[in-house]
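Some notes on the structure that comes next.
The values are calculated or read from the model by the stated rules, or taken from the named source; none is laboratory data. Nothing here was measured: the structure is a model prediction, and the numbers come from that model. Backbone-built Cβ (ideal geometry, glycine too); neighbour counts: all protein chains shown. For the accessible areas, the whole protein counts, side chains as well, though only heavy atoms, and no ligand, DNA or RNA atoms are used. Shrake-Rupley method; radii C 1.70, N 1.55, O 1.52, S 1.80 Å.
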Amino acid sequence: MAGCVSRVELSVSCRSLLDRDLGSRSDPLCVLLQDVGGGRWAELGRTERIKNCQNPEFCKKLVVDYYFEKVQKLKFGVYDIDNKSFDLNDDDYLGGIECTLGQVVSSSVFTRPLELKQGKPAGKGTIMISAEEIKDTRVVYLEIEARNLDKKDFLGKSDPFLEFYKQSDAGTWQLVYRSEVVIKNNLNPCWRKFSVPLQTFCGGDFNKPIKVQCADHDSDGSHDLIGTFETNLTQLQEAGDCSPVEFECIHPAKKQKKKSYKNSGIIRIKSCKIETEYSFLDYVMGGCQINFTVGVDFTGSNGDPKSPDSLHYISPDGINEYLIAIWSVGSVVQDYDTDKLFPAFGFGAQVPPSWQVSHEFALNFNPSNPYCQGIQGIVDAYRQILPQIRLYGPTNFSPIINHVARFAAQSAQEGTASQYFILLIITDGEITDLDQTRQAIVNASKLPMSIIIVGVGEADFKAMEFLDGDNGVLKSLTGEPAARDIVQFVPFRQFKNAPREALSQMVLAEVPKQLVSYYKWQGWPPVKLPEIKKV
């Protein structure tokens, strides 16, 4: 298993972006993609959207695992966002670049002209990317309020927001945080508690100068400065539960003009705490086992396994799409499970001896011990069962999701980050019990588990895309939202000509985030805590 050398944080800014909006400037966002082979790109992250700005300095950093031994091809794309959909296909493309992570980390600031396509410049637009190694997993949590801020708006009060900058070694100021919430018409705002990684905030140096700017938000992008002050993390940490630290917010021009000028308001740091944020590798190296379960669709729509046009037909070279999906995902996940015993189930078939339709039968026909030895054991059980069952229907997912959820619930009762469950469902088509499946996923979202759905064949997979909550939070029929996004769906047809590892990279990309989000939500540290290295 290749070890990740380190994690790097990429800061992105652009200059002279194309203007695609009529009557106002573009609202840019930058997306980062990584080459996963076979001409396919997987999204690693995206920045925030900045309104009315042709020279954006994005605040949200893009984090990439850096492998020295791999050529990691990256693609940065800048889009003008004019709607709320997650999909970027309906947004204007302002340009992009392709490069390698090695190029970025070996430059102090990697600067390139943006291109609309190869050889076609995106006007005078340029992109600047700088990389910083993340050496610290500590996070700064801040709660801030203000009193008596200056009124900036002609008709109403100010709409204040905060920006934090750290001083670079060259003396320039780099944006590290911009408050999400613009508090409308309020001269005494109390901002929501927020967090910034310690490395981002001050490079781990508690005495590094930090500049805080308070400004009045204007929708046209011409924000008015209310005031500013300088501090450092050591001073901010003096804020306690009963004793906030106060800073005068100073507007330099006003101070110069008026001798009687005192300040433009008071910024109060109500609390400043530093906590450790654990990574996926912290949990895995700390003893968390990842349990892998497979569910295989044996409904009639797959076609007769003896017929070459069936999705269950095993070709002369011994494979089909079901087997490739099992191998591709299983070969990655098995490294994280010490006993290599994987439960495997089928659904949607009539099974002997009663020939009743079952939606969770063991592939090895042993319901009391459905475990297969390794990925090869799953493959062998699948091959042996095919001639012994009758493909039938309907396509019900909820029984197998609830089956794995029972084990995950038992594990969760232990109250430790010791076991996480991944369910791989491979299916050929439309789901029959959509409402029950929605409820099962919402229930499972509160448990230590993730669900991967691989769609084989040429069916319409709209319902699967709905279950994958990328376009908004999945809700049950009663309106209860999922606690976390735990479903990842991919159609196999997109990977037919790609290397096998491409499918696993795509479907497993979300799992580390999902695992960490669950344990963070529960407040559970790794079973064995990582050694804290002094930075």
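Could you work out [θ]222 nm for the chain from helices alone, using -39500 (n - 2.57) per DSSP H run of at least four and dividing by all its residues? Round to the nearest 500 deg cm²/dmol.
-5500 deg cm²/dmol
At a 1.4 Å probe radius, which order do MET128, MET464 fall into by accessible area, largest first?
MET128, MET464
For the pairs LYS51/LYS462; LYS61/LYS124; LYS73/LYS211; LYS84/LYS462, note any where the Cα-Cα span goes beyond 28 Å.
Listed pairs above 28 Å: LYS51/LYS462; LYS73/LYS211.
Output the peptides 430-441, 160-171, 98-109 sorted from most to least packed, where packing is the average of other Cβ atoms within 10 Å over each peptide's residues.
430-441, 160-171, 98-109
Less than 18 Å from a label point 7 Å out along the Cα-to-Cβ axis of ALA253: which backbone N atoms in the stretch 184-228 qualify, by residue?
213-228
Which one, TYR67, CYS30, PRO56, is farthest towards the positive end of the dipole of the stretch 12-100 when Lys and Arg carry +1 and Asp and Glu -1 on their Cβ?
TYR67
Check each of the trypsin sites (Lys or Arg not before Pro) in the stretch 231-282 and keep only those in coil by DSSP with at most 12 other C-beta atoms within 10 angstrom; list them in order.
Here the sparse-neighbourhood loop sites are LYS258, LYS259, LYS262.
When all protein chains stay in place, what accessible area (Å², nearest 10, 1.4 Å probe) is found for HIS403?
30
I need the shape label for the stretch 240-373. Rule: rounded when a/c is under 1.5, else prolate if a/b > b/c, else oblate, with a, b, c from the alpha carbon gyration tensor.
prolate
If all Cα-Cα distances of the chain are sorted into 20 Å bins from 0 onward, what percent lands in each bin, rounded to whole numbers?
Once binned at 20 Å, the Cα pair distances of the chain give 19, 47, 28, 6, 0.
Based on the alpha-carbon gyration tensor of the stretch 431-470 and its eigenvalue square roots a ≥ b ≥ c, which shape applies: rounded if a/c is under 1.5, prolate if not and a/b is larger than b/c, or oblate?
Prolate.
I want to check the label-to-label distance for TYR141 and ASP317. Put each point 7 Å from Cα in the C-beta direction and report it in nm to one decimal.
Rounded to a tenth, the inter-label distance reads 5.4 nm.
How would the stretch 319-419 be classified by its alpha-carbon gyration tensor: rounded, prolate or oblate, with rounded meaning a/c under 1.5 and the a/b versus b/c comparison settling the rest?
Here the stretch 319-419 falls in the oblate category.
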